[in-house]
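Asker: One structure follows; several queries about it will come next.
No lab work stands behind these numbers, since they all come straight from the coordinates. Note that this is a predicted model, so its numbers are computed, not measured. Every residue, glycine among them, receives a Cβ derived from its backbone with ideal geometry; neighbour counts consider all protein chains shown.
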Amino acid sequence: MQRVFQIDGRNAGCRFFKPEPDGQDYHCRYAIDWSEGAYEGRAYGVDAIQALLLAMQKAHTDLLAARENEGRQIAWLDMPGLGMPIPKTISDWAPDNEF
């Protein structure tokens, strides 16, 4: 599955892959299509749902960190809120997040 963001004026996908078993747990890969190349990450959870939710949080964190630390312009549907889960520790980076 994919969500398309506007990053620095261009459409860029953020893809989430189907969670896969990893020993007794699960992992979920994600990829963000930055203009300089795709970045792939993964998150781990005790089940497939937790792995997917944590992958969404990690991707959201990566996007917000690029906005906060690199000054990148990142939006979803022309809004600054990216509509994904966010860790409470960085919720001040996205006060308009509606998730």
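Asker: Among the residues of segment 70-99, which ones are in contact with a strand residue (DSSP E or B) (Cβ under 7 Å, 6 or more places away or on another chain) and small (Gly, Ala, Ser)?
Answerer: Selection gives 75, 83.
Asker: Just checking, how many residues over segment 16-32 are surrounded by 18 or more Cβ atoms within 10 Å (Cβ to Cβ), within 11 Å of the chain's Cα centre (by Cα) and not hydrophobic (A, V, I, L, M, F, W, C)?
Answerer: Taking segment 16-32 as the starting set, the residues that turn out to be surrounded by 18 or more Cβ atoms within 10 Å (Cβ to Cβ) are 16, 19, 26-28, 30, 32.
Now drop any that are not within 11 Å of the chain's Cα centre (by Cα), which leaves 16, 30, 32.
Those still in the list that are not hydrophobic (A, V, I, L, M, F, W, C) too: 30.
Counting residues in segment 16-32 that are surrounded by 18 or more Cβ atoms within 10 Å (Cβ to Cβ), within 11 Å of the chain's Cα centre (by Cα) and not hydrophobic (A, V, I, L, M, F, W, C) gives 1.
Asker: For segment 41-99, what are the residues that are touching a Lys or Arg at 6+ places or on another chain (Cβ under 6 Å) and basic (Lys, Arg)?
Answerer: Listed by number, the list holds a single entry, 42.
Asker: Now for a different question. Under the condition of being without any contact (Cβ under 8 Å) to a residue 60 or more places away in the chain and assigned to a loop (DSSP other than H, G, I, E, B), which residue from segment 69-82 is surrounded by the fewest Cβ atoms within 10 Å (Cβ to Cβ)? First the steps, then the outcome.
Answerer: Initial filter on segment 69-82 (without any contact (Cβ under 8 Å) to a residue 60 or more places away in the chain): 69-71, 77, 79-81.
From what's left, assigned to a loop (DSSP other than H, G, I, E, B): 71, 77, 80-81.
Working: 71: 8, 77: 11, 80: 13, 81: 15.
Only one residue tops the list, namely 71.
Asker: Looking at (1) over 21 Å from residue 97 (Cβ atoms); (2) touching a residue at least 12 places away in the same chain (Cβ under 8 Å); (3) not basic (Lys, Arg), can you tell me which one residue 41 breaks?
Answerer: Failed condition: (1).
Asker: A further question follows. Surrounded by fewer than 15 Cβ atoms within 10 Å (Cβ to Cβ) and either over 23 Å from residue 89 (Cα atoms) or in contact with a His (Cβ under 7 Å, 6 or more places away or on another chain) (or both) - does that describe any residue in segment 61-68?
Answerer: No, because not a single residue in segment 61-68 is surrounded by fewer than 15 Cβ atoms within 10 Å (Cβ to Cβ) and either over 23 Å from residue 89 (Cα atoms) or in contact with a His (Cβ under 7 Å, 6 or more places away or on another chain) (or both).
Asker: Here is a follow-up. For segment 43-52, what are the residues that are buried (at least 17 other Cβ atoms within 10 Å of the Cβ) and assigned to a helix (DSSP H, G or I)? Break it down stepwise before answering.
Answerer: First pass over segment 43-52, keeping only residues buried (at least 17 other Cβ atoms within 10 Å of the Cβ): 43, 45, 51-52.
Hits for segment 43-52 are 51, 52.
Asker: Then there is this: Need the failing condition index for residue 37 against (1) crowded, with 18+ Cβ neighbours inside 10 Å; (2) of a type in the set (Gly, Ala, Ser); (3) closer than 17 Å to residue 2 by Cα; (4) more than 15 Å from the chain's Cα centre (by Cα), just the number.
Answerer: Of everything listed in (1) crowded, with 18+ Cβ neighbours inside 10 Å; (2) of a type in the set (Gly, Ala, Ser); (3) closer than 17 Å to residue 2 by Cα; (4) more than 15 Å from the chain's Cα centre (by Cα), residue 37 misses just condition (1).
Asker: Additional query: Residues of segment 3-38 being closer than 17 Å to residue 67 by Cα and either in a loop (DSSP other than H, G, I, E, B) or in contact with a Ser or Thr (Cβ under 6 Å, 6 or more places away or on another chain) (or both), which ones?
Answerer: Correct list: 8, 9, 35, 36.
Asker: Something else: Is there any pair linking a residue in segment 47-59 that is under 17 Å from residue 32 (Cβ atoms) to one that is charged (D, E, K, R), with Cβ under 7 Å and at least six apart or on different chains, and which?
Answerer: Going by the 7 Å Cβ cut-off, the qualifying pairs are 55/42.
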